[in-house]
1. I'd like to verify a number: residues in the stretch A:383-409 that are surrounded by fewer than 20 Cβ atoms within 10 Å (Cβ to Cβ), within 14 Å of A:Ile489 (Cα to Cα) and under 33 Å from the mean Cα position of the chain (by Cα), how many?
2. Going by the structure shown, is A:His213 assigned by TED's automatic domain parsing to the domain that holds A:Gly22, away from RNA strand B (no atom under 12 Å from the Cβ) and crowded, with 18+ Cβ neighbours inside 10 Å?
3. Filter the stretch A:331-356 down to the residues that are closer than 23 Å to A:Asp266 by Cβ, part of a helix (DSSP H, G or I) and within 9 Å of RNA strand B (Cβ to nearest atom) and list them by number.
4. Count, please, the residues in the stretch A:482-503 that happen to be touching a helix residue (DSSP H, G or I) at 6+ places or on another chain (Cβ under 7 Å) and either crowded, with 19+ Cβ neighbours inside 10 Å or under 21 Å from A:Gln401 (Cβ atoms) (or both).
5. Would you call A:Val220 in contact (Cβ under 8 Å) with a residue 12 or more places away in the chain and in a helix (DSSP H, G or I)?
6. What pairs can you find where one residue is in the stretch A:468-487 and assigned by TED's automatic domain parsing to the domain that holds A:Gln401 and farther than 15 Å from A:Leu432 by Cα, the other is among the hydrophobic types (A, V, I, L, M, F, W, C) and more than 8 Å from RNA strand B (Cβ to nearest atom), and their Cβ atoms are less than 9 Å apart, with a gap of 6+ or different chains?
7. Regarding A:Glu315, is this residue near RNA strand B (Cβ under 10 Å from one of its atoms), among the charged types (D, E, K, R) and free of Cβ contacts under 8 Å to residues at least 60 places away in the same chain?
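The values are calculated or read from the model by the stated rules, or taken from the named source; none is laboratory data. Given the structure is predicted, the values throughout are model-derived calculations rather than measurements. Methodologically, a virtual Cβ is constructed for each residue, glycine included, from the backbone with ideal geometry; neighbour enumeration extends over all protein chains shown.
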Amino acid sequence: MNQKEIRVRFAPSPTGPLHIGGVRTALYNYLFARKNGGKMILRIEDTDQTRFVAGAENYINEAFNWCGIEFDESIEKGGEYGPYKQSERKHIYKDYAEQLINSGNAYYAFDTTEELTKIRSEFEAEKKTFIYNAIERKNLRNSLTLSKEETKKLISDGEAYVIRFKMPEDETVVMNDLIRDRVEVNSSVLDDKILFKSDGMPTYHLANIVDDHLMKISHVIRGEEWLPSLPLHVLLYDAFGWEKPEFAHLPLLLKPDGNGKLSKRDGDRLGFPVFPLEWTDPKTGNVSAGYREDGYFPQAFINMLALLGWNPGDERELFSMEELIEAFSIERVGKSGSKFDLEKAKWFNHQYLVKENNETLAELLMPIVIKNGVTVNQEKLSEIIALVKERATFVADLWGQVDFFFIRPKDYDAKAVKKRWKANSYDLMLELKELLSSFEDFESDIVENAVKQWIEANEYGMGAVMNAFRLLVVGALKGPHLFDIVAMIGQEETLERIDQGLNELGRKE
RNA sequence: GCACCGUUCGUCUAGUCUGGUCAGGACGCUAGGUUUUCAUCCUAGUAACACGGGUUCAAAUCCCGUACGGUGUACCA
(Lines give C-alpha, C1' and ligand atoms only; values in the text may rest on other atoms or scores of the structure.)
Protein backbone atom coordinates (compact mmCIF):
# COMPACT_ATOMS: atom_id res chain seq x y z
CA MET A 1 0.00 0.00 0.00
CA ASN A 2 1.78 3.12 1.22
CA GLN A 3 -0.05 5.12 -1.43
CA LYS A 4 1.42 8.53 -1.98
CA GLU A 5 -0.90 11.38 -1.16
CA ILE A 6 -2.47 12.98 -4.21
CA ARG A 7 -1.63 16.67 -4.34
CA VAL A 8 -2.30 18.86 -7.35
CA ARG A 9 -1.97 22.55 -7.91
CA PHE A 10 -3.26 25.31 -10.10
CA ALA A 11 -0.59 27.94 -10.52
CA PRO A 12 -1.75 31.05 -12.36
CA SER A 13 0.27 34.11 -13.05
CA PRO A 14 -1.52 37.27 -11.95
CA THR A 15 -1.03 39.09 -15.24
CA GLY A 16 -4.69 39.63 -15.99
CA PRO A 17 -8.04 37.93 -15.71
CA LEU A 18 -8.09 34.18 -15.81
CA HIS A 19 -9.63 32.95 -19.01
CA ILE A 20 -11.85 29.92 -19.46
CA GLY A 21 -8.94 27.74 -20.54
CA GLY A 22 -7.34 28.41 -17.18
CA VAL A 23 -10.60 27.75 -15.40
CA ARG A 24 -10.89 24.42 -17.16
CA THR A 25 -7.34 23.47 -16.19
CA ALA A 26 -8.15 24.33 -12.60
CA LEU A 27 -11.41 22.40 -12.84
CA TYR A 28 -9.70 19.23 -14.04
CA ASN A 29 -7.15 19.55 -11.27
CA TYR A 30 -9.95 20.00 -8.79
CA LEU A 31 -11.97 17.06 -10.07
CA PHE A 32 -8.90 14.87 -10.06
CA ALA A 33 -8.03 15.84 -6.51
CA ARG A 34 -11.53 15.34 -5.17
CA LYS A 35 -12.02 12.11 -7.03
CA ASN A 36 -8.86 10.68 -5.53
CA GLY A 37 -9.22 12.09 -2.07
CA GLY A 38 -6.30 14.43 -2.67
CA LYS A 39 -5.51 18.06 -2.01
CA MET A 40 -5.89 21.04 -4.33
CA ILE A 41 -3.42 23.87 -4.00
CA LEU A 42 -3.53 27.41 -5.39
CA ARG A 43 -0.13 28.94 -5.94
CA ILE A 44 0.37 32.39 -7.37
CA GLU A 45 3.31 32.53 -9.76
CA ASP A 46 4.32 36.16 -9.79
CA THR A 47 7.99 35.91 -10.57
CA ASP A 48 7.70 38.36 -13.45
CA GLN A 49 7.25 41.67 -11.74
CA THR A 50 7.09 43.57 -14.99
CA ARG A 51 3.80 41.93 -15.88
CA PHE A 52 2.01 42.46 -12.61
CA VAL A 53 -1.60 43.59 -13.08
CA ALA A 54 -3.50 45.14 -10.22
CA GLY A 55 -6.61 43.23 -9.27
CA ALA A 56 -5.69 40.05 -11.09
CA GLU A 57 -5.09 38.00 -7.98
CA ASN A 58 -8.34 39.14 -6.50
CA TYR A 59 -10.10 38.32 -9.74
CA ILE A 60 -8.75 34.76 -9.65
CA ASN A 61 -10.13 34.20 -6.17
CA GLU A 62 -13.50 35.66 -7.01
CA ALA A 63 -13.76 33.62 -10.18
CA PHE A 64 -13.10 30.33 -8.41
CA ASN A 65 -15.44 31.32 -5.69
CA TRP A 66 -18.20 31.86 -8.23
CA CYS A 67 -17.44 28.58 -10.01
CA GLY A 68 -17.43 26.53 -6.86
CA ILE A 69 -13.84 25.39 -7.21
CA GLU A 70 -12.35 25.21 -3.75
CA PHE A 71 -8.75 25.03 -2.70
CA ASP A 72 -7.38 23.18 0.29
CA GLU A 73 -4.23 25.28 0.47
CA SER A 74 -3.78 28.82 -0.77
CA ILE A 75 -2.78 32.29 0.29
CA GLU A 76 -6.16 32.77 1.98
CA LYS A 77 -6.50 29.29 3.42
CA GLY A 78 -2.89 28.83 4.38
CA GLY A 79 -1.38 25.36 4.68
CA GLU A 80 1.80 23.74 5.84
CA TYR A 81 3.69 24.25 2.60
CA GLY A 82 3.39 28.03 2.33
CA PRO A 83 3.89 30.73 1.44
CA TYR A 84 1.75 30.17 -1.63
CA LYS A 85 2.94 33.18 -3.51
CA GLN A 86 6.24 32.90 -5.30
CA SER A 87 7.37 36.47 -4.70
CA GLU A 88 7.23 35.65 -1.00
CA ARG A 89 9.36 32.58 -1.56
CA LYS A 90 12.01 34.57 -3.37
CA HIS A 91 14.75 33.69 -0.90
CA ILE A 92 14.31 29.97 -1.49
CA TYR A 93 15.27 29.71 -5.11
CA LYS A 94 18.80 31.09 -5.22
CA ASP A 95 20.15 28.26 -3.08
CA TYR A 96 18.64 25.69 -5.36
CA ALA A 97 20.09 27.38 -8.42
CA GLU A 98 23.50 27.35 -6.77
CA GLN A 99 23.07 23.75 -5.81
CA LEU A 100 22.76 23.03 -9.50
CA ILE A 101 25.91 25.00 -10.24
CA ASN A 102 27.81 23.03 -7.62
CA SER A 103 26.64 19.75 -9.06
CA GLY A 104 27.72 20.84 -12.53
CA ASN A 105 24.18 21.11 -13.92
CA ALA A 106 24.07 24.87 -14.26
CA TYR A 107 26.40 27.82 -14.77
CA TYR A 108 26.64 31.59 -14.56
CA ALA A 109 26.19 33.48 -17.82
CA PHE A 110 27.11 37.12 -18.34
CA ASP A 111 25.67 37.79 -21.77
CA THR A 112 23.48 40.84 -21.95
CA THR A 113 20.09 40.84 -23.59
CA GLU A 114 21.49 43.14 -26.28
CA GLU A 115 24.33 40.77 -27.07
CA LEU A 116 21.99 37.84 -27.41
CA THR A 117 19.55 39.72 -29.58
CA LYS A 118 22.42 40.65 -31.83
CA ILE A 119 23.67 37.09 -32.12
CA ARG A 120 20.16 35.84 -32.83
CA SER A 121 19.66 38.28 -35.65
CA GLU A 122 23.06 37.38 -37.11
CA PHE A 123 22.07 33.75 -37.12
CA GLU A 124 18.74 34.59 -38.65
CA ALA A 125 20.42 36.54 -41.43
CA GLU A 126 22.23 33.35 -42.34
CA LYS A 127 18.99 31.39 -42.03
CA LYS A 128 20.30 29.50 -39.06
CA THR A 129 18.69 29.00 -35.70
CA PHE A 130 20.55 30.12 -32.66
CA ILE A 131 20.28 27.67 -29.84
CA TYR A 132 22.01 28.52 -26.61
CA ASN A 133 23.35 24.99 -26.26
CA ALA A 134 26.44 22.90 -25.67
CA ILE A 135 28.03 24.18 -28.85
CA GLU A 136 27.24 27.86 -28.68
CA ARG A 137 27.88 28.27 -24.99
CA LYS A 138 31.56 27.64 -25.70
CA ASN A 139 31.68 30.95 -27.56
CA LEU A 140 29.92 33.02 -24.95
CA ARG A 141 30.81 34.66 -21.70
CA ASN A 142 29.95 32.32 -18.88
CA SER A 143 31.44 30.41 -16.00
CA LEU A 144 32.16 27.52 -18.33
CA THR A 145 34.40 29.53 -20.65
CA LEU A 146 35.79 31.90 -18.03
CA SER A 147 38.18 30.85 -15.34
CA LYS A 148 36.97 30.45 -11.79
CA GLU A 149 38.77 33.63 -10.77
CA GLU A 150 37.33 35.68 -13.61
CA THR A 151 33.84 34.47 -12.83
CA LYS A 152 34.26 35.27 -9.17
CA LYS A 153 35.54 38.72 -9.98
CA LEU A 154 32.74 39.54 -12.38
CA ILE A 155 30.18 38.58 -9.78
CA SER A 156 31.85 40.48 -6.98
CA ASP A 157 32.18 43.50 -9.28
CA GLY A 158 28.44 43.49 -9.53
CA GLU A 159 28.27 42.37 -13.14
CA ALA A 160 24.76 41.26 -14.05
CA TYR A 161 24.45 37.55 -14.49
CA VAL A 162 21.87 34.83 -14.95
CA ILE A 163 22.07 31.16 -14.10
CA ARG A 164 21.49 28.80 -16.97
CA PHE A 165 20.76 25.11 -17.02
CA LYS A 166 23.56 23.11 -18.57
CA MET A 167 21.67 21.05 -21.10
CA PRO A 168 23.27 17.68 -21.89
CA GLU A 169 24.79 17.69 -25.34
CA ASP A 170 23.17 14.63 -26.84
CA GLU A 171 20.83 12.65 -24.70
CA THR A 172 17.39 11.20 -25.35
CA VAL A 173 14.98 12.49 -22.78
CA VAL A 174 12.10 10.11 -22.24
CA MET A 175 8.98 11.49 -20.68
CA ASN A 176 5.66 10.06 -19.76
CA ASP A 177 2.40 11.91 -20.01
CA LEU A 178 -0.88 10.61 -18.62
CA ILE A 179 -2.73 11.80 -21.70
CA ARG A 180 -0.16 11.37 -24.44
CA ASP A 181 1.80 8.42 -23.09
CA ARG A 182 5.45 8.28 -24.00
CA VAL A 183 7.11 11.34 -25.52
CA GLU A 184 10.79 11.59 -26.29
CA VAL A 185 13.10 14.30 -27.50
CA ASN A 186 16.81 14.67 -27.97
CA SER A 187 18.48 17.19 -25.71
CA SER A 188 20.59 18.58 -28.56
CA VAL A 189 17.65 20.63 -29.82
CA LEU A 190 17.01 22.12 -26.40
CA ASP A 191 18.69 25.24 -25.14
CA ASP A 192 20.27 26.22 -21.89
CA LYS A 193 17.25 27.82 -20.34
CA ILE A 194 17.65 30.58 -17.83
CA LEU A 195 16.74 29.38 -14.37
CA PHE A 196 17.58 32.45 -12.40
CA LYS A 197 17.21 35.99 -13.70
CA SER A 198 19.52 38.93 -13.18
CA ASP A 199 16.81 40.66 -11.15
CA GLY A 200 17.22 38.04 -8.44
CA MET A 201 14.04 36.16 -9.30
CA PRO A 202 13.80 32.62 -10.59
CA THR A 203 12.17 31.94 -13.94
CA TYR A 204 9.05 29.86 -14.18
CA HIS A 205 11.01 26.70 -14.82
CA LEU A 206 13.07 26.79 -11.65
CA ALA A 207 10.40 28.15 -9.34
CA ASN A 208 7.88 25.69 -10.65
CA ILE A 209 10.03 22.62 -10.11
CA VAL A 210 11.29 23.74 -6.73
CA ASP A 211 7.81 24.62 -5.49
CA ASP A 212 6.17 21.51 -6.85
CA HIS A 213 8.80 19.46 -5.09
CA LEU A 214 8.62 21.39 -1.84
CA MET A 215 4.82 21.34 -1.90
CA LYS A 216 4.88 17.60 -2.56
CA ILE A 217 2.84 17.86 -5.74
CA SER A 218 2.08 14.38 -7.02
CA HIS A 219 0.44 15.24 -10.34
CA VAL A 220 1.12 18.19 -12.58
CA ILE A 221 -1.97 18.81 -14.69
CA ARG A 222 -1.47 21.80 -16.94
CA GLY A 223 -2.06 23.14 -20.44
CA GLU A 224 -0.45 21.65 -23.51
CA GLU A 225 1.55 24.82 -24.07
CA TRP A 226 3.90 23.42 -21.43
CA LEU A 227 4.64 20.21 -23.23
CA PRO A 228 7.68 21.65 -25.04
CA SER A 229 9.29 22.53 -21.74
CA LEU A 230 8.61 19.17 -20.16
CA PRO A 231 12.06 17.80 -21.12
CA LEU A 232 13.69 20.66 -19.24
CA HIS A 233 11.52 20.02 -16.23
CA VAL A 234 12.25 16.31 -16.27
CA LEU A 235 15.98 16.98 -16.54
CA LEU A 236 15.72 19.45 -13.70
CA TYR A 237 14.12 16.87 -11.41
CA ASP A 238 16.89 14.47 -12.34
CA ALA A 239 19.58 17.08 -11.73
CA PHE A 240 18.20 17.71 -8.25
CA GLY A 241 17.83 13.99 -7.71
CA TRP A 242 14.15 14.43 -6.90
CA GLU A 243 11.30 12.10 -7.61
CA LYS A 244 9.21 13.36 -10.51
CA PRO A 245 5.47 13.91 -10.28
CA GLU A 246 3.14 12.47 -12.90
CA PHE A 247 2.43 14.81 -15.78
CA ALA A 248 -0.74 15.39 -17.75
CA HIS A 249 -0.84 17.99 -20.50
CA LEU A 250 -4.34 19.11 -21.31
CA PRO A 251 -5.36 19.91 -24.88
CA LEU A 252 -5.94 23.57 -25.60
CA LEU A 253 -9.18 25.45 -25.91
CA LEU A 254 -9.35 26.74 -29.47
CA LYS A 255 -11.01 29.81 -30.92
CA PRO A 256 -14.40 29.02 -32.51
CA ASP A 257 -13.45 30.32 -35.94
CA GLY A 258 -10.35 28.98 -37.60
CA ASN A 259 -7.74 27.50 -35.34
CA GLY A 260 -5.40 28.61 -32.66
CA LYS A 261 -5.40 28.95 -28.94
CA LEU A 262 -8.33 30.87 -27.55
CA SER A 263 -7.03 34.24 -26.53
CA LYS A 264 -8.26 37.07 -24.45
CA ARG A 265 -9.10 39.12 -27.47
CA ASP A 266 -11.30 36.54 -29.18
CA GLY A 267 -14.23 37.09 -26.89
CA ASP A 268 -14.88 40.66 -27.87
CA ARG A 269 -14.29 39.85 -31.51
CA LEU A 270 -16.67 36.89 -31.60
CA GLY A 271 -19.25 38.11 -29.15
CA PHE A 272 -18.96 35.63 -26.33
CA PRO A 273 -17.14 35.85 -23.02
CA VAL A 274 -13.73 34.29 -22.60
CA PHE A 275 -13.67 35.19 -18.94
CA PRO A 276 -15.70 33.75 -16.08
CA LEU A 277 -16.30 37.20 -14.62
CA GLU A 278 -16.43 40.60 -16.20
CA TRP A 279 -13.07 42.32 -16.22
CA THR A 280 -12.18 45.96 -16.44
CA ASP A 281 -8.66 46.59 -17.58
CA PRO A 282 -7.11 48.87 -14.97
CA LYS A 283 -4.96 50.64 -17.57
CA THR A 284 -7.27 51.11 -20.54
CA GLY A 285 -10.60 50.89 -18.78
CA ASN A 286 -11.76 48.38 -21.40
CA VAL A 287 -14.46 46.07 -20.16
CA SER A 288 -14.50 42.41 -21.19
CA ALA A 289 -17.64 40.35 -20.82
CA GLY A 290 -17.94 37.59 -18.23
CA TYR A 291 -20.12 34.50 -18.01
CA ARG A 292 -21.51 35.57 -14.68
CA GLU A 293 -22.59 38.96 -15.96
CA ASP A 294 -23.95 37.46 -19.16
CA GLY A 295 -26.38 35.46 -17.08
CA TYR A 296 -24.86 32.01 -16.95
CA PHE A 297 -25.39 29.84 -13.92
CA PRO A 298 -22.03 28.78 -12.50
CA GLN A 299 -23.17 25.15 -12.58
CA ALA A 300 -23.98 25.42 -16.28
CA PHE A 301 -20.68 27.13 -16.95
CA ILE A 302 -18.75 24.40 -15.15
CA ASN A 303 -20.76 21.64 -16.78
CA MET A 304 -20.13 23.09 -20.23
CA LEU A 305 -16.43 23.55 -19.54
CA ALA A 306 -15.98 20.07 -18.13
CA LEU A 307 -17.33 18.48 -21.31
CA LEU A 308 -14.95 20.50 -23.46
CA GLY A 309 -12.15 17.99 -23.73
CA TRP A 310 -13.44 15.33 -21.40
CA ASN A 311 -16.38 12.95 -21.51
CA PRO A 312 -17.62 10.23 -19.21
CA GLY A 313 -17.66 7.52 -21.87
CA ASP A 314 -21.41 7.22 -21.78
CA GLU A 315 -24.09 9.53 -23.08
CA ARG A 316 -24.72 11.66 -20.05
CA GLU A 317 -24.22 15.39 -20.51
CA LEU A 318 -25.71 17.03 -17.46
CA PHE A 319 -23.48 16.85 -14.42
CA SER A 320 -23.43 18.56 -11.07
CA MET A 321 -20.01 19.19 -9.57
CA GLU A 322 -20.49 16.13 -7.36
CA GLU A 323 -21.36 14.00 -10.36
CA LEU A 324 -18.36 15.32 -12.24
CA ILE A 325 -16.10 14.37 -9.38
CA GLU A 326 -17.59 10.92 -9.33
CA ALA A 327 -17.27 10.42 -13.09
CA PHE A 328 -13.96 12.13 -13.77
CA SER A 329 -10.83 10.37 -14.84
CA ILE A 330 -7.75 11.87 -16.42
CA GLU A 331 -7.54 9.00 -18.91
CA ARG A 332 -10.77 10.13 -20.52
CA VAL A 333 -9.41 13.57 -21.33
CA GLY A 334 -9.02 13.89 -25.10
CA LYS A 335 -5.81 14.59 -26.97
CA SER A 336 -6.93 17.27 -29.38
CA GLY A 337 -7.98 20.83 -28.81
CA SER A 338 -11.64 21.78 -28.66
CA LYS A 339 -13.46 24.75 -30.02
CA PHE A 340 -15.86 26.55 -27.81
CA ASP A 341 -19.45 26.53 -29.07
CA LEU A 342 -21.70 29.33 -27.89
CA GLU A 343 -24.93 27.53 -28.88
CA LYS A 344 -24.07 24.54 -26.77
CA ALA A 345 -23.17 26.79 -23.87
CA LYS A 346 -26.60 28.38 -24.11
CA TRP A 347 -28.23 24.99 -24.25
CA PHE A 348 -26.53 24.04 -21.01
CA ASN A 349 -27.76 27.20 -19.37
CA HIS A 350 -31.29 26.55 -20.55
CA GLN A 351 -31.16 23.07 -18.99
CA TYR A 352 -30.12 24.54 -15.67
CA LEU A 353 -32.68 27.31 -15.83
CA VAL A 354 -35.50 24.82 -16.39
CA LYS A 355 -34.24 22.70 -13.48
CA GLU A 356 -33.93 25.66 -11.15
CA ASN A 357 -36.83 26.13 -8.77
CA ASN A 358 -39.28 28.94 -9.42
CA GLU A 359 -38.70 30.76 -6.14
CA THR A 360 -35.00 31.10 -6.84
CA LEU A 361 -35.68 32.30 -10.35
CA ALA A 362 -38.18 34.81 -9.02
CA GLU A 363 -35.56 36.13 -6.67
CA LEU A 364 -33.09 36.49 -9.53
CA LEU A 365 -35.64 38.10 -11.82
CA MET A 366 -37.00 40.52 -9.23
CA PRO A 367 -34.41 43.26 -9.76
CA ILE A 368 -35.25 43.35 -13.46
CA VAL A 369 -38.96 43.46 -12.70
CA ILE A 370 -38.44 46.36 -10.33
CA LYS A 371 -36.26 48.17 -12.82
CA ASN A 372 -39.17 48.04 -15.23
CA GLY A 373 -41.35 49.79 -12.71
CA VAL A 374 -43.46 46.78 -11.81
CA THR A 375 -44.42 45.79 -8.30
CA VAL A 376 -45.23 42.17 -7.60
CA ASN A 377 -44.65 39.83 -4.72
CA GLN A 378 -42.24 36.97 -5.07
CA GLU A 379 -44.84 34.27 -4.69
CA LYS A 380 -46.88 35.52 -7.59
CA LEU A 381 -43.79 36.04 -9.72
CA SER A 382 -42.83 32.43 -9.01
CA GLU A 383 -46.19 31.25 -10.27
CA ILE A 384 -45.81 33.24 -13.45
CA ILE A 385 -42.27 32.00 -14.00
CA ALA A 386 -43.53 28.44 -13.71
CA LEU A 387 -45.67 29.12 -16.78
CA VAL A 388 -42.87 30.48 -18.95
CA LYS A 389 -39.49 29.26 -17.82
CA GLU A 390 -39.08 26.65 -20.51
CA ARG A 391 -38.98 29.43 -23.05
CA ALA A 392 -35.89 31.14 -21.64
CA THR A 393 -32.15 30.57 -21.75
CA PHE A 394 -31.16 33.25 -19.27
CA VAL A 395 -32.89 34.79 -16.29
CA ALA A 396 -32.86 38.09 -18.17
CA ASP A 397 -34.85 36.47 -21.01
CA LEU A 398 -37.59 35.76 -18.54
CA TRP A 399 -38.62 39.39 -18.47
CA GLY A 400 -39.51 39.28 -22.16
CA GLN A 401 -41.71 36.30 -21.37
CA VAL A 402 -43.52 37.76 -18.40
CA ASP A 403 -43.81 41.46 -19.10
CA PHE A 404 -47.34 41.21 -20.50
CA PHE A 405 -48.54 39.76 -17.22
CA PHE A 406 -47.91 43.16 -15.69
CA ILE A 407 -48.07 45.66 -18.49
CA ARG A 408 -50.95 46.11 -20.91
CA PRO A 409 -50.13 45.96 -24.59
CA LYS A 410 -48.79 49.32 -25.73
CA ASP A 411 -49.19 48.33 -29.34
CA TYR A 412 -50.30 45.34 -31.31
CA ASP A 413 -47.98 43.26 -33.45
CA ALA A 414 -48.72 44.42 -37.00
CA LYS A 415 -48.27 41.05 -38.62
CA ALA A 416 -50.51 39.38 -36.11
CA VAL A 417 -53.18 42.02 -36.57
CA LYS A 418 -53.09 41.56 -40.29
CA LYS A 419 -53.36 37.81 -39.99
CA ARG A 420 -55.78 37.42 -37.12
CA TRP A 421 -57.88 40.55 -36.77
CA LYS A 422 -60.69 39.70 -39.15
CA ALA A 423 -63.91 41.40 -40.11
CA ASN A 424 -65.88 39.55 -37.43
CA SER A 425 -63.25 39.76 -34.72
CA TYR A 426 -64.64 42.93 -33.19
CA ASP A 427 -68.08 41.49 -32.62
CA LEU A 428 -66.67 38.17 -31.50
CA MET A 429 -64.58 39.87 -28.83
CA LEU A 430 -67.45 42.02 -27.76
CA GLU A 431 -69.50 38.90 -27.17
CA LEU A 432 -66.59 37.17 -25.45
CA LYS A 433 -66.29 40.14 -23.12
CA GLU A 434 -69.91 39.72 -22.11
CA LEU A 435 -69.27 36.07 -21.38
CA LEU A 436 -66.12 36.75 -19.36
CA SER A 437 -67.75 39.42 -17.24
CA SER A 438 -70.33 36.90 -16.09
CA PHE A 439 -67.88 34.80 -14.10
CA GLU A 440 -67.80 34.80 -10.32
CA ASP A 441 -64.80 32.51 -10.20
CA PHE A 442 -62.10 33.35 -12.71
CA GLU A 443 -60.10 30.11 -12.57
CA SER A 444 -58.17 29.03 -15.62
CA ASP A 445 -59.94 25.76 -16.39
CA ILE A 446 -63.40 27.04 -15.49
CA VAL A 447 -63.09 29.93 -17.90
CA GLU A 448 -61.51 27.66 -20.48
CA ASN A 449 -64.38 25.19 -20.40
CA ALA A 450 -67.01 27.87 -20.64
CA VAL A 451 -65.34 29.68 -23.49
CA LYS A 452 -64.84 26.48 -25.42
CA GLN A 453 -68.47 25.56 -24.94
CA TRP A 454 -69.53 28.96 -26.16
CA ILE A 455 -67.30 28.63 -29.23
CA GLU A 456 -68.63 25.20 -30.07
CA ALA A 457 -72.26 26.11 -29.49
CA ASN A 458 -71.95 29.02 -31.88
CA GLU A 459 -69.52 27.34 -34.25
CA TYR A 460 -67.20 30.33 -34.15
CA GLY A 461 -64.02 28.35 -34.64
CA MET A 462 -61.32 27.96 -32.04
CA GLY A 463 -58.61 29.71 -34.02
CA ALA A 464 -60.70 32.74 -34.87
CA VAL A 465 -61.60 33.42 -31.26
CA MET A 466 -58.45 32.43 -29.47
CA ASN A 467 -56.03 34.28 -31.71
CA ALA A 468 -57.99 37.48 -31.59
CA PHE A 469 -58.36 37.10 -27.83
CA ARG A 470 -54.64 36.53 -27.40
CA LEU A 471 -53.90 39.54 -29.53
CA LEU A 472 -55.96 41.77 -27.27
CA VAL A 473 -54.56 40.38 -24.03
CA VAL A 474 -50.90 39.98 -24.96
CA GLY A 475 -50.50 42.31 -27.90
CA ALA A 476 -48.91 39.58 -29.96
CA LEU A 477 -49.35 35.93 -30.83
CA LYS A 478 -47.04 34.56 -28.21
CA GLY A 479 -46.95 33.36 -24.65
CA PRO A 480 -48.17 30.43 -22.61
CA HIS A 481 -51.66 29.00 -22.30
CA LEU A 482 -54.01 31.95 -22.69
CA PHE A 483 -56.43 30.95 -19.93
CA ASP A 484 -53.51 30.74 -17.51
CA ILE A 485 -52.61 34.28 -18.46
CA VAL A 486 -56.09 35.70 -17.98
CA ALA A 487 -56.56 33.85 -14.72
CA MET A 488 -53.26 35.27 -13.55
CA ILE A 489 -54.00 38.90 -14.49
CA GLY A 490 -57.58 38.61 -13.28
CA GLN A 491 -61.05 39.28 -14.58
CA GLU A 492 -61.03 43.04 -14.33
CA GLU A 493 -57.72 43.47 -16.10
CA THR A 494 -58.75 41.01 -18.81
CA LEU A 495 -61.93 42.93 -19.52
CA GLU A 496 -60.09 46.22 -19.62
CA ARG A 497 -57.54 44.82 -22.04
CA ILE A 498 -60.35 43.71 -24.30
CA ASP A 499 -61.82 47.18 -24.15
CA GLN A 500 -58.52 48.80 -24.93
CA GLY A 501 -57.91 46.44 -27.83
CA LEU A 502 -61.35 46.99 -29.24
CA ASN A 503 -60.72 50.71 -29.14
CA GLU A 504 -57.30 50.54 -30.70
CA LEU A 505 -57.99 47.99 -33.39
CA GLY A 506 -61.59 48.91 -34.19
CA ARG A 507 -63.98 47.10 -36.42
CA LYS A 508 -62.26 45.84 -39.55
CA GLU A 509 -64.03 46.63 -42.79
C1' G B 1 13.41 27.06 -39.93
C1' C B 2 13.81 23.46 -35.91
C1' A B 3 11.36 20.41 -32.00
C1' C B 4 7.10 18.38 -30.06
C1' C B 5 1.77 17.44 -30.08
C1' G B 6 -2.57 16.63 -32.78
C1' U B 7 -6.36 15.28 -37.04
C1' U B 8 -14.01 10.96 -36.67
C1' C B 9 -20.48 14.89 -38.83
C1' G B 10 -20.42 22.60 -39.07
C1' U B 11 -19.29 22.06 -33.33
C1' C B 12 -18.50 18.82 -28.71
C1' U B 13 -17.58 13.75 -28.95
C1' A B 14 -18.21 7.66 -28.56
C1' G B 15 -15.66 3.92 -30.94
C1' U B 16 -8.87 3.11 -31.66
C1' C B 17 -5.14 0.02 -26.60
C1' U B 18 -7.88 -5.71 -27.33
C1' G B 19 -8.96 -4.88 -36.28
C1' G B 20 -14.96 -7.64 -37.84
C1' U B 21 -21.67 -3.32 -35.31
C1' C B 22 -25.88 0.41 -41.43
C1' A B 23 -19.39 4.62 -37.50
C1' G B 24 -23.35 5.90 -31.98
C1' G B 25 -24.94 10.32 -28.94
C1' A B 26 -25.45 15.71 -28.06
C1' C B 27 -25.64 20.97 -29.95
C1' G B 28 -26.96 23.32 -34.52
C1' C B 29 -29.78 23.11 -38.93
C1' U B 30 -34.15 21.13 -41.95
C1' A B 31 -38.95 18.80 -42.10
C1' G B 32 -43.23 16.82 -39.74
C1' G B 33 -46.27 16.29 -35.28
C1' U B 34 -48.41 18.46 -30.69
C1' U B 35 -50.51 23.52 -29.24
C1' U B 36 -55.64 28.62 -29.68
C1' U B 37 -50.20 31.48 -30.72
C1' C B 38 -44.94 31.68 -30.00
C1' A B 39 -41.50 28.92 -27.48
C1' U B 40 -40.85 24.27 -25.23
C1' C B 41 -41.62 19.23 -26.29
C1' C B 42 -41.88 14.67 -29.55
C1' U B 43 -40.51 12.22 -34.22
C1' A B 44 -37.66 12.03 -38.48
C1' G B 45 -33.83 13.82 -41.56
C1' U B 46 -28.98 16.17 -42.36
C1' A B 47 -23.78 15.36 -41.99
C1' A B 48 -17.63 12.68 -40.43
C1' C B 49 -13.21 8.36 -39.99
C1' A B 50 -7.46 14.45 -43.50
C1' C B 51 -4.83 12.02 -47.80
C1' G B 52 -1.75 7.99 -49.95
C1' G B 53 0.44 3.40 -49.45
C1' G B 54 1.13 -1.19 -46.74
C1' U B 55 -0.22 -5.55 -43.33
C1' U B 56 -4.82 -8.61 -43.18
C1' C B 57 -10.05 -12.74 -45.27
C1' A B 58 -11.28 -7.94 -42.88
C1' A B 59 -8.57 -1.28 -41.01
C1' A B 60 -11.58 4.71 -38.27
C1' U B 61 -8.76 1.01 -35.37
C1' C B 62 -2.02 -1.72 -36.67
C1' C B 63 2.62 0.14 -39.68
C1' C B 64 4.99 3.81 -43.02
C1' G B 65 4.73 8.31 -45.61
C1' U B 66 2.35 13.01 -46.92
C1' A B 67 -0.71 17.09 -46.01
C1' C B 68 -2.94 20.30 -42.78
C1' G B 69 -3.40 22.47 -37.99
C1' G B 70 -1.53 23.74 -33.16
C1' U B 71 2.13 24.65 -29.34
C1' G B 72 7.01 25.91 -28.18
C1' U B 73 11.49 28.10 -29.60
C1' A B 74 12.00 35.33 -24.11
C1' C B 75 16.28 37.45 -18.19
C1' C B 76 6.82 35.65 -19.93
C1' A B 77 4.22 32.24 -17.58
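1. So the count comes out to 3.
2. Working: assigned by TED's automatic domain parsing to the domain that holds A:Gly22: yes; away from RNA strand B (no atom under 12 Å from the Cβ): yes; crowded, with 18+ Cβ neighbours inside 10 Å: no.
No.
3. Pass one, the stretch A:331-356, residues closer than 23 Å to A:Asp266 by Cβ: A:333-349.
From the residues that got through so far, the ones that are part of a helix (DSSP H, G or I) too are A:342-349.
Selection gives A:Leu342, A:Glu343, A:Lys344, A:Ala345, A:Lys346, A:Trp347, A:Phe348.
4. Number of matching residues: 12.
5. Details: in contact (Cβ under 8 Å) with a residue 12 or more places away in the chain: yes; in a helix (DSSP H, G or I): no.
Criteria not met by A:Val220.
6. From residues that are assigned by TED's automatic domain parsing to the domain that holds A:Gln401 and farther than 15 Å from A:Leu432 by Cα, there are no pairs.
7. yes
Listed here are the residues, each with its yes/no results for (1) in a helix (DSSP H, G or I); (2) within 24 Å of A:Phe469 (Cβ to Cβ).
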position: A:Val376; (1), (2): no, yes
position: A:Glu379; (1), (2): yes, no
position: A:Lys389; (1), (2): yes, yes
position: A:Trp399; (1), (2): yes, yes
position: A:Asp403; (1), (2): yes, yes
position: A:Lys419; (1), (2): yes, yes
